[in-house]
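Heads up: the structure comes next, in structure tokens.
A short reminder: the numbers here are calculations on the coordinates, not readings from a lab. Computed from a predicted structure; not experimentally measured. Every residue, glycine as well, gets a Cβ built from its backbone with ideal geometry; the counts of neighbours run over all protein chains shown.
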Amino acid sequence: MSGAELKAAEQAAKDLLQPFVRSIDADAYYAKPYLIALGASGLLDSRGREDAAVRERGVRLGLLTSRICMTTGFNLWCHLAALTYARHSVNGWLHERLLPQLERGKRLGGTGLSNPMKHYAGMEELRLRAERTEDGRMLHGLLPTVSNLGDEHWFGVVAGAATPSNPYTKPVMLFVPCDVERLALSERTGYLGINGSATYACRFDGVRVPDEWIIDEDADAFVSRIRATFVLYQIPLGLGVLQSAVQAVRRQRETQGGASLHLPVGAEQLGEQAKRLEMRLLDLAAAPDLDARWREVLQLRLDTAYAALQGVQSEMLHRGGSAYTLHCSSSRRLREAYFFAALTPTVKHLEQLLNVPT
């Protein structure tokens, strides 16, 4: 990430994210203008860049965003996931028509892969079914939670065969626009956090998807190819929260007569842990063989989840009673860290994957 790109990202965050963090957390404000600005500034453009350079810039944007507001970092991850689908698809229409709009911020993207990722781990059945039509597929089913949705948004889904007797048997992966006919969106709020993430339940009642929107006819193989990047882009969410928690703990050193210095976990330990995690993250982002390092990605994702939980707990203890208010930054990070632990792949999902022999 160049100095000019970093400056542009920091300016977008200063103008369009930092002033709205309280509204995002308390009022479910969706920081769509910030996401659009990242694209409009060219910060998501992949033209002429190697995959590793694209990933490195993506994780740095995720870190910068999540240090300020992990809810919006989560929205950015959703968009980065959608970009990954479009970039790795062999569908010419997606490359020529949709990808440039997603990269420039003219369209935003979400990911409906929570259910498929659990399906591939043997935890759930696919919730969507696809029936062949003359010019594409017809989708039926319900996805209970898909985030980063709204007007002029597209999201990726995986659907299985409509019936066991259907000649189309392999799951297929597709893009769907939010304004397509026979798709009903119901907003989901009432969470402990991330209510500003534009999260919806999505009911497909005979949604017609033309061939131009098909990401890959073989979803199983496609997900296997992009899964490492999909999970890698999540890691900055938890690491950004940890880095902000470290800064908050450091600010407590001299308060209340230095009482915080007697706590068992302090800023030095947490800070060193955050540095090691960031080094591992950037090493993986730069790897030319990222797919071959899938288990390393999973381990780093798990280590980051546990480190973020430890970091926010330490921050709460260091700040004491001042942290025990509903929308202060410390309690917000506490809720963000627990969301990161529950984000697919969840901590228990990761433990399961890492304990399966290779």
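Averaged over residues, the count of other Cβ atoms within 10 Å places the peptides 289-295, 218-224, 312-318 in the sequence 312-318, 218-224, 289-295, highest first. By other beta-carbon atoms within 10 Å, ranking 296, 187 with the fewest at the front produces 187, 296. Contact order for region 114-219, expressed relative to its length and based on alpha carbon pairs under 8 Å spaced 6+ residues apart, stands at 32 percent.
The charge dipole of the chain, taken about its Cα centre with unit charges on the Cβ of Lys, Arg, Asp and Glu (plus for the first two, minus for the last two), comes to roughly 840 debye.
Checking understanding here: applying a Kyte-Doolittle mean of at least 1.0 and a length along the axis of at least 18 Å (C-alpha), which whole DSSP H helices in the chain pass?
235-250
The orientation-averaged projected area of the convex hull spanned by the Cα atoms of region 245-358 comes to 8.1 nm².
Take the residue pairs 14/275; 106/348; 32/118; 7/348; 32/170 and return only those whose Cα atoms are more than 31 Å apart. Listed pairs above 31 Å: 106/348; 7/348; 32/170.
Couplings for region 170-181, taken from phi via the Karplus curve 6.51 cos²θ - 1.76 cosθ + 1.60 with θ = phi - 60°, read 7, x, 10, 10, 9, 9, 9, x, 5, 9, 5, 5 Hz in order; Gly and Pro are left as x.
Highest mean packing first, where packing is the average number of other Cβ atoms within 10 Å per residue, the peptides 83-93, 197-207 line up as 197-207, 83-93. Using the Cβ-Cβ distance between residue 7 and residue 49 with R0 set to 22 Å, the FRET efficiency works out to roughly 0.75.
Computing FRET efficiency as 1/(1 + (r/R0)^6) for residue 151 and residue 90, where r is the C-beta to C-beta distance and R0 is 35 Å, gives about 0.75. Relative to the current alpha-carbon distance between residue 208 and residue 27, full extension at 0.36 nm per residue lengthens the span by 61.7 nm.
Report note on the peptides 75-81, 328-334, 48-54, 138-144: ranked by the mean count of other C-beta atoms within 10 Å, highest first, their order is 75-81, 328-334, 138-144, 48-54. Rg over Rh for region 114-219 works out to 0.97, using Cα positions for both radii and the Kirkwood form for Rh.
Note on residue 351 and residue 265: the extension gain reaches 28.5 nm, defined as 0.36 nm multiplied by sequence separation minus the Cα-Cα distance.
Around residue 339, what is the net charge, scoring Lys/Arg as +1 and Asp/Glu as -1 over all other residues with Cβ under 15 Å from its Cβ? Write out the running numbers ahead of the final one.
Values: positive: 188, 301, 332, 333, 335, 348; negative: 25, 336.
Surrounding charge for residue 339 is +4.
Selection among 86, 300, 117 by position relative to the dipole of the chain gives 300 as farthest towards the positive end (Cβ unit charges, Cα centre).
For region 1-139, compute Rh as the Kirkwood radius over C-alpha pairs and then the Stokes-Einstein diffusion coefficient at 4 °C and 1.567 mPa s; write the answer in µm²/s, rounded to an integer. Can you show the working numbers first?
Numbers: Rh = 16.5 Å.
My calculation gives 79 µm²/s for D.
In units of the compact-protein estimate 2.2 N^0.38 Å, the chain shows a Cα radius of gyration of 0.99.
The order of 275, 118, going from fewest to most other C-beta atoms within 10 Å of their C-beta, is 275, 118.
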